[in-house]
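Structure first, commentary second.
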Amino acid sequence: MADIRFEHVSKVYHGGIEAVRDFSLHISDQEFLVIVGPSGSGKSTVLRMVAGLEEITKGNLYLDGKLINNIPPKDRDLAMVFQHYALYPHMTVYGNMAFSLKLQKLPKSEIDQRVRWAADVLGLKEKLDRKPRELSGGERQRVALGRAIVRQPQAFLFDEPLSNLDAMLRVQMRNEIKKLHQQLKTTSIYVTHDQVEAMTLGTRLVVMKEGEIQQVGTPQEVYENPANQFVGEFIGSPAMNFFVGRLENGFFQIGDLFFKLPEQKASFLKARGYDLQTVLLGIRPEHIIAFSEGVTDSATVVAKIQLVEFMGAETILSFLVGGQPCLAKVPSDKGWKAGEQAAFRFQLEKSCFFDAKTKWRIDKAGS
């Protein structure tokens, strides 16, 4: 097991296409780090540079304190689990898991011990004599995991390993991977575009966009205190609501509506020079409370429900605030209907403010 350190790492492809820009990060020993972002954000390129499958254009990459920029992939002592299982169809589960160990010319007794140990950990003991075609998708992915863990590497690299599974299997395999990390405690980097996977698996998240790190933090930190508008939109389902409005003397104005801000938040924004300025207010749908009867105060707006999305225990309500779209995530017990009026109270103490031009956060956590 080992720590991994990036120092100002960049990747530039032919034609000057910069896939990763000035990436600096320290991944601690035994950490499970998730890199999350949309397609084209550079997250898989980062992983492939760690694996040695992509050359580093600039900067340095260290594994357990050793510079590995020019070390071949086979000598890095890392194990990668891919999106596609890439199992040998003519080999049994045992054969697939033992293959890399045979290439290392390990003793047969040690190979057998490692394979059976991995099969026991992954619940594959009864499947060792089966071929991949006889397995379910989840079982094939467990074989791919087993092929990686038998190597007992310094670190695991996961490249969107669950994207080919259906929703139920993804949940099951997320739990398998989390339990596996808790048991083995091997340093892991997991790449995904799925923010649910990121939130449930990672001890820390790295949110990327267009080759650059947008925010690093625990899932809770990233969710509750997004560093910019992109993070607020990308992390969380539904995404954070954003409203363009004006700050003035402790109020936030949207159209002809005025919301009185918590005093501490208003004072902080004024001290930063944002009074009498246009800004973005962000608030998560679950921080908007709906009432079937009119309840009015300086944080409440009455609006007509435009759309109702029933999600089981919760319902998503769509409506307009000052002409701008808004979503509220509320309990389903009220039997909400499109077309009816409702009062919506904004929990402004949980709101976030962003610069209207740069889109970066301008109020501190808890202010």
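What follows is calculated from the coordinates using simple rules that are stated; it is not laboratory data. The model shown is predicted, which means the values in this text are computed figures rather than measured ones. No Cβ is skipped: glycine too gets one built from the backbone with ideal geometry, and neighbour counts run over all protein chains shown.
Here are the numbers for this structure:
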{"quantity": "Neighbour cut-off at most 13 other Cβ (10 Å), DSSP loop, GluC sites (Glu not before Pro), the range 15-97", "calculated": "Glu55"}
{"quantity": "For Gln215, distant residues with modelled amide H under 5 Å away", "calculated": "Val207"}
{"quantity": "³J(HN,Hα), Karplus 6.51/-1.76/1.60, whole Hz, each residue of the range 160-172, x for Gly, Pro", "calculated": "6, x, 10, 5, 8, 9, 6, 4, 5, 5, 4, 4, 4"}
{"quantity": "For the chain, built as a Gaussian network whose Cα springs stay under 10 Å, the top-fluctuating residue of Gly273, Gly245, Gly217", "calculated": "Gly273"}
{"quantity": "Difference of contour (0.36 nm per residue) and Cα-Cα distance, Lys102 to Glu233", "calculated": "42.4 nm"}
{"quantity": "Residue-wise HN-Hα coupling along the range 56-67, computed from phi with Karplus coefficients 6.51, -1.76, 1.60 (Hz; x: Gly, Pro)", "calculated": "8, 7, 9, x, 10, 10, 10, 10, 6, x, 9, 5"}
{"quantity": "FRET efficiency for Lys131 and Glu314, using Cβ-Cβ distance with R0 set to 41 Å, rounded to 0.05", "calculated": "0.40"}
{"quantity": "Potential lengthening between Leu307 and Glu349 on full extension [0.36 nm per residue; Cα-Cα distance subtracted]", "calculated": "12.5 nm"}
{"quantity": "Those GluC sites (Glu not before Pro) in the range 304-367 that DSSP places in a loop and that have at most 14 other beta carbons within 10 Å", "calculated": "Glu340"}
{"quantity": "Efficiency of FRET from Cβ geometry, Lys74 and Asp333, R₀ 51 Å, rounded to 0.05", "calculated": "0.30"}
{"quantity": "Glu263-Gln172 pseudo-label distance in nm [points 7 Å out on the Cα-to-Cβ vector]", "calculated": "5.6 nm"}
{"quantity": "At most 14 other Cβ within 10 Å, DSSP loop - chymotrypsin sites (Phe, Trp or Tyr not before Pro), the range 42-125", "calculated": "Phe82"}
{"quantity": "Extended-chain gain in nm, criterion 0.36 nm per residue less alpha-carbon gap, Thr200 and Asp29", "calculated": "59.6 nm"}
{"quantity": "FRET E, pair Asp297, Val244, Förster distance 25 Å, beta-carbon r, rounded to 0.05", "calculated": "0.65"}
{"quantity": "Using θ = phi - 60° and Karplus 6.51 cos²θ - 1.76 cosθ + 1.60, couplings along the range 345-352 (whole Hz; Gly, Pro as x)", "calculated": "9, 8, 7, 5, 5, 9, 7, 10"}
{"quantity": "Relative contact order [Cα under 8 Å, 6+ residues apart], the chain, whole percent", "calculated": "16 percent"}
{"quantity": "Size-normalised alpha-carbon gyration radius of the range 238-355, reference 2.2 N^0.38 Å", "calculated": "1.06"}
